[in-house]
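S.K.: Sharing a structure below in structure tokens format, with a few things to ask.
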Amino acid sequence: MTYKITHENVFDELVERGYFEQATFEDELKELLGKEKVPFYIGFDATADSLTIGHFIQVMVMMRMQAHKHIPIALLGGGTTMIGDPSGRSDMRMVMTKEMIDHNAQRFYEQFQKFIDFSDGKAIIDNNANWLLNLNFLDFVRNIGVHFSVNDMLKKDAYKNRLDSGLTFFELSYMLMQSYDFLELYRKYGCKLQLGGSDQWSNILGGYDLVRKIENDKVYAMTFKLLTTADGVKMGKSQKGAIWLDENKTSPYELFQYMRNVDDRDVEKFLLMLTFLPTDECRELASHKDERINHAKEVLAFEITKLVHGETKAKEALETSKALFQKGAVDENMPSSEMTLDELKENSGLLGVLTSLGLTKSNGEARRLVQQGGISLNDEKVTDPAYSLSESDLVDGAFIIKKGKKIYHRVIVK
């Protein structure tokens, strides 16, 4: 993906587009980014088999940095995922098997290749399992652990929030492991900068301090803002769960609709941070407070879907979205499920169908939605919670459920 570079220094671009949160020695770092090709890294713990829209901020930062000739190092957390980052958690992360982690890390790498150019040394992919899994414990704590004060660590948000509920030594070692990543990448690739979300500041500073102490060289740390909604909620969740970049987990249409339905207050921020549209155009699109804001949301949804899934699928999602707002319209790209006629007869209750399709979280929620007039069947409102579906509801072998004004699901009965 290429775009028109509008700043000589990527630092100014990151500030203008709203990514920048904080940095060590900000003026020095800006000067460095303006005069050198800087190897930098972002770490990704492989906790799932796909990146999410929340990760896309980090991907966008890597793409912008690479466009300015800096060298991204995408670090897969095959080692750190064995522990799990305690930051922001109230309990211990589920311990995953090495096989699961390796599979997830490979899927991340496949997705990164859609956005980052790894040819001819323009970017690097590595996995911290390569140096963390075979560490000698005594050597590690003698050479690395000696540089960390437990008292200081326990003052950091990543750990102090867990003291009452219990914090294991296993989790306490996460900061040491992540810090060691920076040292390893500095020695291996000359990495001078670690980037990450603002919630990673404590962990990032650990690596920054470690490299400066051991190598006596200047390295830097910078964090960018988390992708949150106007209500302060981390973006990337829908009724069905996370919004994935894998189209088999979240379809292009579902991604499009998710972005199409964002809060009016979030449009400018998301246009600036999640698209490559010019800054002035982003602000102009988001400036409207009347019905024209819906056009801005449509542009936002199209641009993000195009980046993630390609222009063809973005156009299909746009056409589907428009078609579904026409009464009785059916589009082949509409989210759909299949069931047999026998399955329909056995589980015909509307409340159960809504929940099984993921349109509601429970039958209780489904009941309230039906009673409030929020469910339509084939464009006809259903207000009876006891309604049962039957063959008479089928139109061309399917029925279409509409939730609210914007969510459609087609069930094909075979």
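The values are calculated or read from the model by the stated rules, or taken from the named source; none is laboratory data. Being a predicted model, the structure only gives us computed values, none of them experimental. Cβ: placed from backbone, ideal geometry, glycine included. Neighbour counts: every protein chain shown.
S.K.: Would you check if there is a residue in the stretch 307-328 being of a type in the set (V, I, T), at pLDDT 95 or above and surrounded by 14 or more Cβ atoms within 10 Å (Cβ to Cβ)?
M.R.: yes
S.K.: Would you be able to say whether some residue in the stretch 166-173 is modelled with pLDDT under 85 and under 19 Å from N130 (Cα atoms)? It would help to see each step written out before you state the result.
M.R.: Just the residues of the stretch 166-173 that are modelled with pLDDT under 85, to begin with: 166-173.
Applying the additional criterion that residues be under 19 Å from N130 (Cα atoms) yields 173.
Yes, that holds for at least one residue.
S.K.: Within the stretch 25-51, restricting attention to residues that are surrounded by fewer than 20 Cβ atoms within 10 Å (Cβ to Cβ) and among the hydroxyl-bearing types (S, T, Y), which residue is farthest from Y186 (Cα to Cα)?
M.R.: For the stretch 25-51, the residue satisfying everything is S50.
S.K.: Okay, moving on. Could you count how many residues in the stretch 181-211 are basic (K, R) and surrounded by fewer than 15 Cβ atoms within 10 Å (Cβ to Cβ)?
M.R.: Within the stretch 181-211, the subset basic (K, R) is 187-188, 192.
So of that shortlist, the ones also surrounded by fewer than 15 Cβ atoms within 10 Å (Cβ to Cβ) come out as 187-188.
Number of matching residues: 2.
S.K.: Quick check on Y19: is it under 30 Å from S251 (Cβ atoms) and not assigned by TED's automatic domain parsing to the domain that holds L172? Even if it seems obvious, please write down each step before you answer.
M.R.: On the way: under 30 Å from S251 (Cβ atoms): yes; not assigned by TED's automatic domain parsing to the domain that holds L172: no.
Answer is no for this residue.
S.K.: Checking Q372 against (1) closer than 30 Å to K313 by Cβ; (2) out of contact with any His (no Cβ under 9 Å at 6 or more places or on another chain); (3) exposed (fewer than 15 other Cβ atoms within 10 Å of the Cβ): exactly one of these is not met. Which one?
M.R.: (1)
S.K.: Something else now. Is one or more of the residues making up the stretch 347-361 loosely packed, with under 14 Cβ neighbours inside 10 Å, over 29 Å from A314 (Cβ atoms) and over 31 Å from the mean Cα position of the chain (by Cα)?
M.R.: Within the stretch 347-361, one or more residues are loosely packed, with under 14 Cβ neighbours inside 10 Å, over 29 Å from A314 (Cβ atoms) and over 31 Å from the mean Cα position of the chain (by Cα).
S.K.: A follow-up question, please. Go through the stretch 194-204 residue by residue and tally those that are within 17 Å of E184 (Cβ to Cβ) and of a type in the set (A, V, I, L, M, F, W, C). Steps first, answer last, please.
M.R.: We begin by selecting, within the stretch 194-204, every residue within 17 Å of E184 (Cβ to Cβ); these are 194-196, 203-204.
Subsequent filtering for residues that are of a type in the set (A, V, I, L, M, F, W, C) retains 195, 204.
Of the residues in the stretch 194-204, 2 are within 17 Å of E184 (Cβ to Cβ) and of a type in the set (A, V, I, L, M, F, W, C).
S.K.: Hey, another quick one. Could you name every one of the helices (runs of 4 or more DSSP H) located completely within the stretch 332-386 that has at least 1 residues being at pLDDT below 80 and basic (K, R)? Before the answer, list the steps.
M.R.: Working: elements: 341-346, 350-356, 363-371.
Per the criteria, 341-346.
S.K.: Name the one entry in E298, E316 that is touching a residue at least 40 places away in the same chain (Cβ under 8 Å), over 27 Å from H7 (Cα atoms) and either assigned by TED's automatic domain parsing to the domain that holds R17 or in a helix (DSSP H, G or I) (or both). Please lay out each step first, then the result.
M.R.: Details: E298 fails: touching a residue at least 40 places away in the same chain (Cβ under 8 Å).
Unique residue meeting the criteria: E316.
S.K.: A follow-up question, please. Among what's in the stretch 212-236 and is touching a Gly at 6+ places or on another chain (Cβ under 6 Å) and part of a loop (DSSP other than H, G, I, E, B), pick the residue that is surrounded by the fewest Cβ atoms within 10 Å (Cβ to Cβ).
M.R.: L226
S.K.: Looking only at the stretch 54-77, how many residues end up being in a loop (DSSP other than H, G, I, E, B) and buried (at least 23 other Cβ atoms within 10 Å of the Cβ)?
M.R.: First, pick out the residues of the stretch 54-77 that are in a loop (DSSP other than H, G, I, E, B): 54-55, 68-70, 77.
Keeping just the survivors that are buried (at least 23 other Cβ atoms within 10 Å of the Cβ) gives 77.
Total meeting the criteria: 1.
S.K.: Here is a further query. Looking at (1) at pLDDT 95 or above; (2) not assigned by TED's automatic domain parsing to the domain that holds G79, which is the only condition F40 fails?
M.R.: Going through the list (1) at pLDDT 95 or above; (2) not assigned by TED's automatic domain parsing to the domain that holds G79, F40 breaks only (2).
S.K.: Then there's this: Scan the stretch 266-275 and tell me whether some residue there is closer than 27 Å to A74 by Cβ and assigned to a loop (DSSP other than H, G, I, E, B).
M.R.: Looking through the stretch 266-275, at least one residue is closer than 27 Å to A74 by Cβ and assigned to a loop (DSSP other than H, G, I, E, B).
S.K.: Another question, if that's okay. Give the residue that is nearest to S119 (Cα to Cα), with candidates limited to residues of the stretch 48-74 that are of a type in the set (G, A, S) and under 18 Å from the mean Cα position of the chain (by Cα). Show your work before the answer.
M.R.: Restricting attention to the stretch 48-74, the residues satisfying the condition of being of a type in the set (G, A, S) are 48, 50, 54, 67, 74.
Still in the list and also under 18 Å from the mean Cα position of the chain (by Cα): 48, 50, 54, 74.
Numbers: A48: 26, S50: 22, G54: 26, A74: 14 Å.
Top of the filtered list is A74.
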